[in-house]
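K.L.:
Pasting a structure here, questions to come.
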Amino acid sequence: MDLEVGGIITGKVTGITKFGAFITVAPGKSGLVHISEIAGTYVNDVRDHLTEGQEVTVKIIGTDQSGRMNLSIKAVTAEPRGPQRRSPQQRPAEDTAEPSFEDKLKRFMQDSDSKISGLRQHPDKRGARRRGR
């Protein structure tokens with residue numbers, strides 16, 4: 001089983017929240033599929049697309065310092081885009097290594113959600129700095 005970034009694996013939905021779903025991919029290993037990574041369209045409610053106990057195929061799109069995995073369902077189910085015709089008014093896509101603003105924002109939100117959930121799990125560490133002044 002490939003548990004590295006870019007690996008495609010099958011897992012089971014173990015929990016659903018308003019911001020995504022937790023997927024167990026191996027014994028003792030789970031990750032989060034953020035709501036923005038569930039489908040290629042706007043997702044208002046995660047429960048419209050997933051149910052607890054459902055088997056899903058996910059792609060590992062990242063990990064954080066704590067070893068938590070960021071997963072994506074839409075990266076696996078998205079159909080590859082072939083050459084598209086464009087009208088003369090459209091600008092050609094720029095071939096740069098720089099991610100788009102939307103990609104940067106999505107990454108920031110995923111990292112932020114991950115850090116916030118870590119702080120909620122260990123509330124005593126958060127206040128220790130303030131009391132020590």
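No value in this document is a laboratory result; all are computed from the given coordinates. Just so it is clear, the model here is predicted, and its values are computed rather than measured. FYI the Cβ positions are ideal-geometry reconstructions off the backbone, even for glycines, and counts take in every protein chain you see.
K.L.:
At a Cα cut-off below 21 Å, give the lysines reachable from K104, other chains included and same-chain residues fewer than 8 away excluded.
P.N.:
Result set, ordered by chain and number: K59, K74, K115.
K.L.:
With θ set to phi - 60° and the Karplus curve 6.51 cos²θ - 1.76 cosθ + 1.60, what are the ³J(HN,Hα) couplings of segment 5-15 in order, to the nearest whole Hz, using x for Gly and Pro?
P.N.:
Couplings: 4, x, x, 10, 9, 10, x, 10, 5, 10, x Hz.
K.L.:
Label points 7 Å out from Cα along the Cβ direction at E4 and T24: separation in nm?
P.N.:
2.7 nm
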